[in-house]
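The values are calculated or read from the model by the stated rules, or taken from the named source; none is laboratory data. Owing to the predicted nature of the structure, the values given are computational and were not obtained by experimental measurement. Heads up, the Cβs are rebuilt from the backbone with ideal geometry, glycines too, and the neighbour counts pull from every protein chain shown. Remember, those area values only see protein heavy atoms, side chains included, never the ligands or the DNA or RNA. Shrake-Rupley method; radii C 1.70, N 1.55, O 1.52, S 1.80 Å.
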Amino acid sequence: MSSKNPRRAAFEILLRIEKEKSFADILIDHELSKDMIKGADRGLLTELVYGVLRRQGTLDHIIGQFSKQRTDKLELYVLLLLRLGLYQCFFLDRVPVSAAVNETVKLAKELAPRASGFINAILRNADRNRDNISYPDRTENPAGYLAVRYSHPAWLTRQWCDQLGVDGAEELATAMSEPPPFTIRVNTLRASREALMARLAEEGVNCSETRWSPDGIRLNQSGLISRLPSFRDGLFTVQDESSQLAPLFLAPAKGDRVLDACAAPGGKTTQIAQLMGNSGEIYACDVNHKKLRLIKETCDRLGITSVRTFTMDATAPSPAIKEVTFQRILVDAPCSGLGVIRRNPEGKWSKSPDDLLPQARTQVTILENLCKYLEKEGILLYATCSTSVQENEYVIDTFLREHPEFVAEDLRTLFPQFAPLFTERGFFRSWPHRDGMDGFFAARLKKIK
């Protein structure tokens, strides 16, 4: 079998993302599974795709400095080739500029032959004049500066400036442009964290304990995790540290009946099962019935038998739980995903500030629907992977105004060991630049009447 050019493969994946709004991780995994890209080229493919997506705003700004034609008027093939070439020139130290230019022009002669001269000129001119590239003034236009320098939508950097101040926003913008940590959660039904780390070391994996999650392990390299014997033996599952904390705040007890309302792909579901010692009942529901298969597969691999899966639209009453009440409910609400854009960088370019209010209304509707299934003195944990106040504090405040039978509990009092992660109102809010994990929010609500 002949090998495939990783730069061409990266171009094809970026093209599909632009045209089909596909997910980068799925396309990369599919390409690598063909085994047509070998050795170091496999890492190069992943670096090129994620690098271009993370730095797209900066790359387009550089193109605009040297192209007489506006970036949004360039043919898509030409724009993608320029992004690929410039990313290698400006952000990949291990690729010589001459090689980056030559390989991009060679690819252009195959894919956009009439524009190969134009692409060659832009790349070489940008390299020669890299010290003369101008950026918005940080003092006069901080949000614009952060957007261009660190490659994020300007509306989002404005939000960050409002929330964190300019210095804090710049630290966050920096972190959101870098690759995220790769974190797993030990299956405590089968192993301790110490035992799993010893097993991973035997398998040649360098790892370290997470700071906050008692069951988390950070891997210094990921590779194909599914090929590790410890993965096949069900000793762990992949889950970011921030996500691992939400079930701890839910604090289910052995024998509880728990509803995980937006459960796919099942990371928190299986963690709840671990915390309950694989006892009680867990109703794992999702609106997409195809995603329920992922939950079942993970439960089978981890040896979990206490989970039942159902298709359910969390915004409306469901026959699946018509006569059932729960001691604990987890609402991992569908959201904008602004807290995980370094993990899914393609998403930040398709989002808009106009998306947030409709999303928040849906989140309130979900809480309105599910709260009636909670028993008195029961706990509902609302969580998102968004940094937006509109999808978090606003949603909680809106719900509580209409539901005096609920109170927001102060996580600082209940979980003092995690105090630095909580806000002044006692909500959980993690920041990538501060806490080394995804941007996450959680509020714990108790039904008192």
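Values computed for the structure shown
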| item | result |
| --- | --- |
| Taking region 246-331 and dividing mean pair separation by its residue count, relative contact order in percent (alpha carbons under 8 Å, at least six apart) | 37 percent |
| Overall form of region 307-449 per C-alpha gyration tensor (a/c, 1.5; a/b vs b/c) | oblate |
| Tensor-based shape of region 112-223 (alpha-carbon gyration tensor, a/c under 1.5 rounded, otherwise prolate or oblate) | oblate |
| Portion, in percent, of the accessible area of the chain that falls on carbon or sulfur, probe 1.4 Å | 49 percent |
| Heavy-atom surface of the chain, accessible at 1.4 Å and reported per residue (Å²) | 43 Å² |
| Computed label-point distance, nm, for sites Arg8 and Asp167 using a 7 Å Cα→Cβ extension | 5.1 nm |
| Vicinal HN-Hα couplings computed from phi for region 200-212 (Karplus, 6.51 cos²θ - 1.76 cosθ + 1.60; Hz; Gly/Pro x) | 4, 4, 5, 8, x, 9, 7, 8, 8, 6, 6, 6, 9 |
| Listed residues Tyr77, Tyr382, Tyr87, most fluctuating in the chain (Gaussian network, C-alpha, under 10 Å) | Tyr77 |
| Probe 1.4 Å - accessible area at Val287, Å² to nearest ten | 100 Å² |
| Burial order of peptide ranges 241-253, 368-380, 414-426 (average beta-carbon count within 10 Å, highest first) | 241-253, 368-380, 414-426 |
| DSSP bridge orientation in the chain - percent antiparallel, rounded to nearest 5 | 55 percent |
| For region 21-170: relative contact order, % (alpha-carbon pairs under 8 angstrom, 6 or more apart) | 21 percent |
| Cα-based shape type of region 192-250, given that a ≥ b ≥ c are square roots of the gyration tensor eigenvalues and the cut on a/c is 1.5 | prolate |
| Rel. contact order, % - alpha carbon contacts under 8 angstrom, at least six apart, the chain | 12 percent |
| Where labels lie 7 Å past Cα in the beta-carbon direction, separation of Arg401 and Ser192 in nm | 5.1 nm |
| Which of Leu53, Val166, Ser208, positive extreme of dipole for the chain (C-beta unit charges) | Leu53 |
| Dipole of region 388-449, positive direction: furthest Cα of Gly439, Thr398, Leu411, with charges on the beta-carbon | Leu411 |
